[in-house]
Every structure is written in structure tokens, then in C-alpha cells.
Amino acid sequence: MSAQIINGKDLAQELRLEMKEEVVKLKDTGVNPNLTVILVGDNPASRSYVKGKEKASAQVGIQSEVIELSSSVTEEKLLEIIHKLNEDPSVHGILVQLPLPDHIHEQHIIEAISPTKDVDGFHPINIGRMMTGQDTFLPCTPFGIITMLKSKSIPIAGKHVVIIGRSNIVGKPVGQLLLNENATVTHCHSRTSNLKEYTTKADILIVAIGKPNIIDKEYLKANAVVIDVGINRLDNGSLTGDVDFDSAASKASYITPVPKGVGPMTIAMLLHNTIKAAKGLT
Ligand code: GUN
């Protein structure tokens, strides 16, 4: 293996220690940061992500509340709960864990959350602010990816970044953030023909496809930086990314592992956004 590993677990731990001190200072001023998470239904992956958010919040002294709702909850009821949380001054951040059951219109829910409490950075007002380069809540996974690149002083400006995946949560916003950092950005997706033609030209390759181990060294330019956003649970229960780690690591200069890569950074950025909300910075 030639690549250096960007360990998101360790970096997230460092950031949490810094945030813990910030929270102590905030509490001294009478502000008790609170993150309220709404979990609808019993999707095991969602439940496990929410547990991770609760645990990380506790580690930095952020109070977290989880509101669990049945999968049959109506959109109206969910909107009513969000409106109450919007009005509650003791709640600083609101996160509705996605995906939601089919009968609930996700975009209605995202747009109901006050932009000042939108710690996911999914509200169109915050997306617009991000696109125009203003200070706002940045979506957590893209923000975590940028933070990982910066932690290793990996140059971004002038570099060619290729992103595979175009979700509203990862693919689209990470491209925008990297464009804000003066990268040249190419978006690939499931309808891209001849994917390799693009990926082999990437200085930085961001893979957010959701299929296990499909990107190997044949897709890489020598010494590329590889960021694996995939979290796939295999039949044997283990977690793996979208990238064939051993193959890619033999050709890349830097690579993120799964687990201990992007996942813990997503949660760290959520805590960052909650502290920002508690400070009333947006
Ligand atoms: N589901 C998967 N990732 C996310 C995320 O970043 N935020 C929310 N709210 N739901 C998710």
C-alpha cells in the first residue's frame, strides 16, 4: 500500500475535544446547546445513525433529544411537531433523519425547519447561501470531506475533482463547496457513459454511489486522492465502502477508509453546526 490514510475517526475525535471546550464556554454564558432529532419508523440504519449522533452529542456536552415517531405518522403531525420545535427557544438544532416513509413529502419537511435551526444545511435558503459563498450551515457530509482534505493540507484550488453521485445530500453540495474552493469540478452519475474516462483524470475522486467495492485502481489516476462516502453493509454484517480499499490504496496518494472515514466526520460537522446554531450565528 502506498496511500496515506485519512482517518476520519481520529480527526472527529480531535474536533470533538475542541468543541467540548467551546460548549463549556457557551454554558458559562447561560446557553445550553440542544439538538433535537426526529426519527420516523424503524429503519435499522437510520436508528444506528441516530444513536451515533446522540453519543457524539453527549461527548461534547450537547444535550440531544430524540423524538421517535411511528412510520404511520402523518405529514401534518410531523409538520406540527417541527413548527413547535421552531418556536421553542431551548432547541437550537432540528434534524429529521432521512429517508422518510413514502407518504411523507421529504421536501415539505426540509422546508418546514427554520433555516436558523437547519443543522443539516438542507433548507433551500441555506443551500442558496452556500451556493453564493455566504456563511451558513454547510451540509455535514460535504463539510466533513472538505475538513478532511484541509486536515492533510491537500491542495484543492486548481485541482480537478471528479464526483460520482449527484444526491442532494452529498454529490451536489460537495461539488459546490469544492467549486467555492476554486477546484474544477466534474459530476458523474448513474447515466454517465464511460465513467473511467472521467475518473482517471481526477486529482481528487469522491465516490458516493452506494454500491460496495466497485471502484478499484483501474479507475484512478496515479497518486489521486480518494474519498469514499459509501457505507454498505455486507451479508456478513461488516461495513464496506464503494471503493475497493486495498486495490485503490496501492495507487492513490491519500485514501479514506470505511469505517473510520467520512462517517464520523459527518457527525462531527453536525455538532459544529449545532454549536453555531446555539451561538445564533445564522
Ligand atoms: N440520512 C442519511 N444521511 C443523512 C443526513 O446527513 N441527514 C439526515 N437528516 N438524514 C440523513
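The values are calculated or read from the model by the stated rules, or taken from the named source; none is laboratory data. The structure presented is a predicted model; accordingly, all values stated were derived computationally and were not measured. Positions of Cβ are backbone-derived with ideal geometry, glycine not excepted, and every protein chain shown enters the neighbour counts.
Observations on the structure shown:
- In the stretch 28-46, the count of residues that are within 16 Å of the ligand (Cβ to nearest atom), among the hydrophobic types (A, V, I, L, M, F, W, C), within 18 Å of the chain's Cα centre (by Cα) and assigned to a helix (DSSP H, G or I) is one or more.
- Any hit, the stretch 259-267, residues being on the phi > 0 side of the Ramachandran plot and modelled with pLDDT of 95 or more: yes
- Residue in the stretch 2-16 that is out of contact with any Asp or Glu (no Cβ under 9 Å at 6 or more places or on another chain) and more than 30 Å from Ala224 (Cβ to Cβ) present: no
- Just so you know, in the stretch 50-64 the residues that are within 15 Å of the ligand (Cβ to nearest atom) and either of a type in the set (A, V, I, L, M) or surrounded by fewer than 19 Cβ atoms within 10 Å (Cβ to Cβ) (or both) include one that is nearest to Leu271 (Cα to Cα), and it is Ala56.
- Strands (runs of 3 or more DSSP E) wholly inside the stretch 166-282 containing at least 1 residues that are within 16 Å of the ligand (Cβ to nearest atom): 204-207, 225-228
- If you go through the stretch 49-97 and keep only what is farther than 28 Å from Lys279 by Cα and either modelled with pLDDT under 95 or among the acidic types (Asp, Glu) (or both), you end up with Glu75, Glu76.
- Test result for Val24, away from the ligand (no atom under 15 Å from the Cβ) and of a type in the set (A, V, I, L, M): yes
- Candidate set from the stretch 116-148 (those that are part of a loop (DSSP other than H, G, I, E, B) and of a type in the set (D, E, K, R)); member that is nearest to the chain's Cα centre (by Cα): Asp120
- Test: residue in the stretch 264-277 that is over 14 Å from the mean Cα position of the chain (by Cα) and either surrounded by fewer than 19 Cβ atoms within 10 Å (Cβ to Cβ) or of a type in the set (A, V, I, L, M) (or both): yes
- Test: residue in the stretch 171-187 that is among the hydroxyl-bearing types (Ser, Thr, Tyr) and touching a Lys or Arg at 6+ places or on another chain (Cβ under 9 Å): yes
- Top-ranked residue in the stretch 84-106 [being without any contact (Cβ under 8 Å) to a residue 12 or more places away in the chain and more than 13 Å from the ligand (Cβ to nearest atom); ranked as surrounded by the fewest Cβ atoms within 10 Å (Cβ to Cβ)]: Pro89
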